[in-house]
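Colleague: Here it is, the structure in full.
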Amino acid sequence: GLATGQVTVNNLTNADLVLGVMELLPAHEGYRAVQIGQTSTDTPSGVAPPILLAPGASRNFVFLLEPKPDRALDRSLVLHQNTQIGRVMTRWTTDLGEQGRLMSQPLVWKQTQLNPGDQSNKASQQPQPKVLISVASPKELCQVGRVVQLAVQITNMLDASLNQVELRVDPHQGQVGAGVLLTGSTVKRLGALGPRESASSVVHALPLAAGLHRLAGISVFDAATGREYFPETPPSIFVPT
């Protein structure tokens, strides 16, 4: 069977880190791993271009675990709930040339289902915000396994300025169950946003299945006040068969 694993790398140091090889080491010799979600072209695990990670920044990486071609019909390669699928090896270089590496804890595959009302209920429990968040449909045709770019517009409808605006993407709110993964940076700092002003940014989505899918996990955070704002209606994308 197929499985996806998502890993978030956080730079907790005070130095810039250049991430090199990100490699998922399968727990079963019958599987191979492919790193996806960084560009519109799938990249073999371990050969993705280096990524600069500033202090305090984070980055999501998505891996597809699939049977090797010569094991495609092997019925023993069946994933069960809580199956360990492997570990991720991360390598980096500091701005001073020092190198390091870290092996993650085992990744565990879990089959999840997203209740479409979950994110709506969460948003409805928040005070009605006066920060509008709109996510446009992708310009290109969505395809399973191909990353698409979604334009996001944030408009401050408050009478006061937002001084430290961040666009946040939470990869752990059930996108797998909805058939979509959100990839790339988890935090994008947009600076100040005055009353009635707008700012634009982008998020990247990786469709995993055909259909109409809601996108959970997109929000705007004002670091100066500690307030978080959610879309009034969770955005969605359509992936044709």
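Colleague: Taking segment 219-241 as the search range and keeping residues that are hydroxyl-bearing (Ser, Thr, Tyr) and outside any strand (DSSP E or B), which one is farthest from the chain's Cα centre (by Cα)?
Modeller: The first filter runs over segment 219-241 and keeps only residues hydroxyl-bearing (Ser, Thr, Tyr), leaving 219, 225, 229, 233, 236, 241.
So of that shortlist, the ones also outside any strand (DSSP E or B) come out as 225, 233, 241.
Values: 225: 25, 233: 20, 241: 23 Å.
Selected residue: 225.
Colleague: Let me ask something else about it. Within the bounds of segment 173-180, is there any residue that is modelled with pLDDT under 90, assigned to a strand (DSSP E or B) and buried (at least 20 other Cβ atoms within 10 Å of the Cβ)?
Modeller: First, the residues of segment 173-180 that are modelled with pLDDT under 90: 173-180.
If we keep only those that are assigned to a strand (DSSP E or B) as well, we get 180.
Restricting the remaining residues to those that are buried (at least 20 other Cβ atoms within 10 Å of the Cβ) gives 180.
Yes, segment 173-180 contains at least one residue that is modelled with pLDDT under 90, assigned to a strand (DSSP E or B) and buried (at least 20 other Cβ atoms within 10 Å of the Cβ).
Colleague: Checking residue 145 against (1) part of a strand (DSSP E or B); (2) open to solvent by less than 50 Å² (accessible area, probe 1.4 Å), which test does it fail?
Modeller: Failing condition for residue 145: (1).
Colleague: Can you pull out the residues in segment 7-24 that are under 12 Å from residue 94 (Cβ atoms) and open to solvent by 50 Å² or more (accessible area, probe 1.4 Å)? Explain how you work it out, then say what you get.
Modeller: In the first step, residues of segment 7-24 are kept if they are under 12 Å from residue 94 (Cβ atoms); the result is 11, 13-20.
13, 14, 16, 18 - these are the residues of segment 7-24 that are under 12 Å from residue 94 (Cβ atoms) and open to solvent by 50 Å² or more (accessible area, probe 1.4 Å).
Colleague: Residue 216 passes all but one of (1) modelled with pLDDT under 90; (2) not in a loop (DSSP other than H, G, I, E, B); which number fails?
Modeller: Failing condition for residue 216: (2).
Colleague: Next question, about the same structure. Filter segment 202-213 for residues that are at pLDDT 85 or above and open to solvent by 20 Å² or more (accessible area, probe 1.4 Å); which is nearest to the chain's Cα centre (by Cα)?
Modeller: Only one residue fits best here, namely 204.
Colleague: What residue, among those in segment 46-80 that are at pLDDT 75 or above and among the β-branched types (Val, Ile, Thr), is nearest to residue 107 (Cα to Cα)?
Modeller: Out of the qualifying residues, it is 62.
Colleague: What number of residues in segment 155-174 are under 19 Å from the mean Cα position of the chain (by Cα) and either small (Gly, Ala, Ser) or more than 13 Å from residue 227 (Cβ to Cβ) (or both)?
Modeller: So the answer is 7.
Colleague: Condition test on residue 167, is it over 18 Å from residue 196 (Cβ atoms), modelled with pLDDT of 90 or more, part of a strand (DSSP E or B) and among the hydrophobic types (A, V, I, L, M, F, W, C)?
Modeller: Values: over 18 Å from residue 196 (Cβ atoms): yes; modelled with pLDDT of 90 or more: yes; part of a strand (DSSP E or B): yes; among the hydrophobic types (A, V, I, L, M, F, W, C): yes.
For residue 167, the condition - over 18 Å from residue 196 (Cβ atoms), modelled with pLDDT of 90 or more, part of a strand (DSSP E or B) and among the hydrophobic types (A, V, I, L, M, F, W, C) - is met.
Colleague: Go through 190, 132 for me and flag whichever is of a type in the set (A, V, I, L, M, F, W, C), at pLDDT 85 or above, open to solvent by less than 60 Å² (accessible area, probe 1.4 Å) and more than 18 Å from the chain's Cα centre (by Cα). Outline the logic, then answer.
Modeller: Details: 132 fails: open to solvent by less than 60 Å² (accessible area, probe 1.4 Å).
From the options 190, 132, the qualifying one is 190.
Colleague: Can you name every residue in segment 198-218 that is more than 22 Å from residue 153 (Cβ to Cβ) and of a type in the set (A, V, I, L, M, F, W, C)?
Modeller: Within segment 198-218, 208, 209, 210 meet the criteria.
The values are calculated or read from the model by the stated rules, or taken from the named source; none is laboratory data. Everything numeric here is computed off the predicted structure, so don't read it as measured data. Cβ atoms come from the backbone with ideal geometry, glycine included; neighbour counts cover every protein chain shown. Calculation scope for accessible area: heavy atoms of the full protein, side chains included, ligands and nucleic acids excluded. Shrake-Rupley method; radii C 1.70, N 1.55, O 1.52, S 1.80 Å.
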